[in-house]
Amino acid sequence: MTGQYLIIGSAIVIALVIVIIILHFIRKVEMKYYRDRIKNLEVQRNIVASTPVLLELSKVEPIIKNDRMEEKYNKWQDEFIKLKENRLTLIDDMLIDLDIYIDKRDYKSCGYRMAKVEMEIYKVREAADHILGEIKDITLSEEKYRSIVTKLKTKYRFLNKEFQNHKDLYGEIQESVSLQLENIERRFLDFEKVMEDNDYNEVVHIVKALDAMIEHMEIIVNEVPDVLLMSKKIIPNRIEEIKNTYDEMVKQEFPLDYLNIDYNLDEIKKNIEVILEKVNVLNLEGCMFDLKTMLEYLDSLFVDFEKERLSRKVYDEVEGDFSKKIVKTNKLVNDIYMQLDDIKKLYDLHDEDVEIIHKVNKELVVINDDYKKVINKVEVKSSPYSVVNKEMEDLTLRLKALEVDLDKALKSLGNMYDDEVRAREQLDEIQMFLKQCKTKMRSYKLPVITDNYFVQLSEANEAIMEVIKELEKKPIAITILNTRVDTARDLVLKLYNTTNDMIRTAQCAEIAMVYGNRYRVYAEVSAGLDDAKKKFYVGDYKKALDIAIKSIEMVDIDISKKLFNNEGY
């Protein structure tokens, strides 16, 4: 047991020793921390004390030439002396107190006192820096302000040169600009005088005034020519052009009241007068912006005019097409209504099969009413063409939609009615095609027209007559009608091809014979051309062409290329 107590006692002693050592180390570290902070505060205090205020004041002494400067010099000197003798002395006392608190190890009070010392050092440093700054404003004024004025002089010379070189662009305000430039020159002289008197308080005002005057003059020199040009030439000319265009379009019955042209142009003229008055007193604030806004508005009027012209042109085209379409649609719907009972009987239709026709008719009535309203607007000139054009486009879309529904209605009546309409249309086309064949044949005076042509012509005429007979029958046999139409179309196309081949072959033969006349010095060629000529006049144009080509090839092997590839002839 005694051994155990001994071990426990030894452990306790060792633990106490360790705790004592640790506490001693902590106190030592804590003391060092506060000592270091005090040293840092002392360094900051010394930095403030070494502020070169007195050095800068020594630079002020030689330039004291007036009572105001001397008053400032004495003020700065007194303030710095008070700062050193009173406030820095107070800081020294506070630092001594901090050493006492550390020796007493009263770190809580020491931390609070350190904060107060730091705050006081900060205030003193700010005061010293403020004094130093005011002094440097004076000691560095000459160099600083001369540098600024040198730059201002360079800018002034450039502006003056620009004005003198383009003096004629400034019109009646030349004298005002010249006077302003003279004022700037006088301010430069004032600057030299106050610099000579070392009146730096006045220097600041003069430099600021110079900067403001030159900045204003820069705006004057750069913008006045453009402002005058726009105010006196560009915009007035543009107004005159717009007025002429407006009057011309009004004579052409364009509804342009919505643009308020007369009122807006009068307002622009008034604004230009105000701008010119401002320019006369060299006040350009907002002038260029206002002029650009006016010019943009005037340009927009030309766009509006062109828009109205284009809208009118489009309207005329759209309205013309629409008028034709709606007349055609009205006629078609009316015809369907007139024949609706017969069609129902003819094609065995019921009421529900023609219901879509009634819907189409109701919509067509509404479209007709809206169309009349648009036409009335145009006649009384109550709406611009850009507006009525959009309304016409809307009507066109509605009519197209109605036509789609009408197509469905017609299909609901059966394919037989469609086939009949189609057959009549194709008959017109076939007859027109046949007429073209006859006209083309008559236009070329061939010596002989072959029997083949007349046979095909007769067959085509007979086929067309068969189509007409089928269309006149009631009821119409659609299958037979379609067959008749197909036959007639094929025969007319055949006649058309025969006509073209005959005329083309005759033309080629004639060209070949005329070309070959240059080789008639050769007996064989001459004989061949005579033979070709005989064939030509009896209507055998193909044979005539073959004989002529073969005859000429005896002396000119490239005759085919020359004739048919447009070479040499």
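The values are calculated or read from the model by the stated rules, or taken from the named source; none is laboratory data. All of these numbers come straight from a predicted model, not from anything done at the bench. Cβ coordinates were reconstructed from backbone atoms using ideal geometry, including for glycine residues, and neighbour counts include every protein chain displayed. To get the accessible areas, we keep the full protein, side chains included, count just its heavy atoms, and leave off ligands, DNA and RNA. Shrake-Rupley method; radii C 1.70, N 1.55, O 1.52, S 1.80 Å.
Counting only other residues whose beta carbon sits under 11 Å from that of Glu42, what net charge do I get with K and R as +1, D and E as -1? For residues surrounding Glu42, the net value is +1. Each other residue within a Cβ distance under 11 Å of Glu218 adds +1 if Lys or Arg and -1 if Asp or Glu, for a net charge of -3. Using +1 on the beta carbon of Lys and Arg, -1 on that of Asp and Glu, and nothing else charged, what's the dipole of the stretch 169-287 about the Cα centre, debye to 20? Once rounded to the nearest 20, the dipole reads 300 debye.
Its Cα centre serving as origin, the stretch 204-257 has a Cβ charge dipole (Lys and Arg +1, Asp and Glu -1) of approximately 160 debye. The residues of the stretch 173-321 expose, per residue, 55 Å² of accessible area to a 1.4 Å probe. Count Lys and Arg as plus one, Asp and Glu as minus one, and take only other residues whose Cβ is under 14 Å from that of Leu529; the net charge is then 0. Distance from the alpha carbon centroid of the stretch 149-169 to that of the stretch 289-339 works out to 57 angstrom. Ranking Val274, Ile214, Phe191 by Cα position along the charge dipole of the stretch 181-288, where only Lys, Arg, Asp and Glu carry charges on their C-beta atoms, puts Val274 farthest toward the positive end.
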